[in-house]
Amino acid sequence: MPETDDIKDIDKADAEPTRTMKFAVLSQRPELYSTQRMVEAIRLRGHECHLLDYRRCYMKIASHRPIITYDGESLEGFDAVIPRISAAHSFYGTAVVRQFEMMDVYCVNGSQAIARSRDKLRSLQILAKKGIGLPVTGFAHTTQDVQGLIDMVGGAPLVIKLLEGTQGIGVVLTESNAAATSVIEAFRGLDANILVQEYIAESRGQDLRCFVVGERIVASMIRKGAPGEFRSNLHRGGSAELVKLTPEERSTAVRAAKAMGLRVAGVDILRSNHGPLVMEVNSSPGLEGIEAATKKDVAGSIVRFIEKDSLEGRRGDRSTHH
């Protein structure tokens with residue numbers, strides 16, 4: 001199998017961990033492939049693993065001894081936390097992660113970074129400030145100057161997104177200025193925040209998912225939309241296969257994850273005529289699609305990274321943004 005990047009078989013040959021660690025995987029859905037794979041990978045490395053539904057945690061906020069309680073038991077002695085927080089429960093989920101941080105437990109993705117990545121507008125503003133390539137984007141709420149907004153991003157065809165949408169929901173491709181105007185006005189009637197983005201026609205309904213762990217890309221795939229579908233989300237019938245990234249694409253993905261403060265991230269990139277453009281940076285990227293497409297042990301790569309990174313005393317947010 002061709003390599004996706006400069007990662008060789010070094011991970012597979014990794015020595016046994018130097019110590020046994022106590023992990024918490026925060027997930028509200030234990031049946032999900034990604035959750036099960038993380039638990040399996042942790043136990044395969046000889047560590048203790050506790051699967052916790054973060055919604056059932058409750059917390060004592062105190063300066064001397066902050067506590068998290070789960071089903072009546074105090075959570076103590078953890079070495080590392082892997083948060084897999086759903087978009088629907090970001091507020092409470094990040095509060096639980098923040099409490100673990102207050103208890104000085106290593107969290108592979110910090111509460112600030114997760115919250116930052118869930119705010120699409122804030123994400124784009126941070127990436128833009130770092131000079132990372134993006135589709136030209138407009139943002140509006142109740143603008144009366146709809147045509148001005150459309151012109152700002154280069155006119156139709158263009159993509160209109162609800163700011164709160166996930167997995168391709170609330171994303172519309174409009175082929176004409178008239179269609180764009182009607183969609184923007186409809187969303188405005190919902191009192192919604194909207195992003196308007198240039199349509200990258202040359203990507204042909206394809207995007208790259210780059211799985212970043214630390215400073216490396218451990219796996220990457222190209223996702224293709226279903227026939228007649230411009231969104232490549234696997235949830236929407238898209239397909240995926242192994243892809244070899246260019247050095248510029250690898251660098252862009254790693255820089256994007258770092259800008260967001262994420263140690264583990266799924267960075268979605270479009271191939272455009274003027275280089276790689278970042279669409280989104282995900283703080284809880286799914287494992288099923290990328291492990292199937294690349295045949296790589298992504299879950300194991302995450303655990304091996306945490307073994308090393310947590311030893312170096314790194315805590316909290318790896319980004320300079322607050």
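Just a few scattered comments:
- Taken over segment 66-90, the criterion of being part of a strand (DSSP E or B) and closer than 10 Å to residue 103 by Cα is satisfied by 67, 68.
Rundown of residues vs (1) modelled with pLDDT under 90; (2) touching a strand residue (DSSP E or B) at 6+ places or on another chain (Cβ under 8 Å), yes/no style:
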position	(1), (2)
110	no, no
128	no, no
136	no, yes
145	yes, no
151	no, no
156	yes, yes
176	no, no
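- Residue 142 fulfils the conditions (1) touching a helix residue (DSSP H, G or I) at 6+ places or on another chain (Cβ under 8 Å); (2) of a type outside the set (A, V, I, L, M); (3) surrounded by 15 or more Cβ atoms within 10 Å (Cβ to Cβ) except for a single criterion, (3).
- Consider segment 267-290 and keep the residues that are within 15 Å of residue 115 (Cα to Cα) and of a type in the set (Gly, Ala, Ser). The one that is surrounded by the fewest Cβ atoms within 10 Å (Cβ to Cβ) is 284.
- Any hit, segment 99-116, residues being exposed (fewer than 12 other Cβ atoms within 10 Å of the Cβ) and aliphatic (A, V, I, L, M): no
- Residue tally, condition of a type in the set (Gly, Ala, Ser), farther than 19 Å from residue 306 by Cα and touching a helix residue (DSSP H, G or I) at 6+ places or on another chain (Cβ under 6 Å), over segment 40-99: 2
- Any hit, segment 88-100, residues being closer than 26 Å to residue 296 by Cβ, out of contact with any His (no Cβ under 8 Å at 6 or more places or on another chain) and not assigned by TED's automatic domain parsing to the domain that holds residue 286: no
- Of residues in segment 150-204 being within 25 Å of residue 275 (Cβ to Cβ) and part of a helix (DSSP H, G or I), the one farthest from the chain's Cα centre (by Cα): 151
- Any hit, segment 269-287, residues being of a type in the set (Gly, Ala, Ser), within 23 Å of residue 41 (Cβ to Cβ) and touching a Ser or Thr at 6+ places or on another chain (Cβ under 7 Å): yes
- Qualifying residue in segment 50-65 (condition: buried (at least 16 other Cβ atoms within 10 Å of the Cβ) and in a loop (DSSP other than H, G, I, E, B)): no
- Checking residue 26 against (1) closer than 20 Å to residue 104 by Cα; (2) surrounded by 13 or more Cβ atoms within 10 Å (Cβ to Cβ); (3) out of contact with any Phe, Trp or Tyr (no Cβ under 7 Å at 6 or more places or on another chain), the condition it does not meet: (3)
- Selection status of residue 222, in a strand (DSSP E or B), modelled with pLDDT under 95 and either touching a Phe, Trp or Tyr at 6+ places or on another chain (Cβ under 8 Å) or among the β-branched types (Val, Ile, Thr) (or both): yes
- Scan of segment 54-94 for residues that are in contact with a Phe, Trp or Tyr (Cβ under 6 Å, 6 or more places away or on another chain) and closer than 16 Å to residue 106 by Cβ, ordered by number: 80, 81
- Among the candidates 140, 113, 128, residue that is over 28 Å from residue 289 (Cα atoms) and in contact (Cβ under 8 Å) with a residue 40 or more places away in the chain: 140
- Residue within segment 42-49 that is in contact with a Lys or Arg (Cβ under 6 Å, 6 or more places away or on another chain), over 14 Å from residue 287 (Cα atoms), at pLDDT 95 or above and in a strand (DSSP E or B) present: yes
The values are calculated or read from the model by the stated rules, or taken from the named source; none is laboratory data. Keep in mind the model is a prediction, meaning the values are calculated, not measured. FYI the Cβ positions are ideal-geometry reconstructions off the backbone, even for glycines, and counts take in every protein chain you see.
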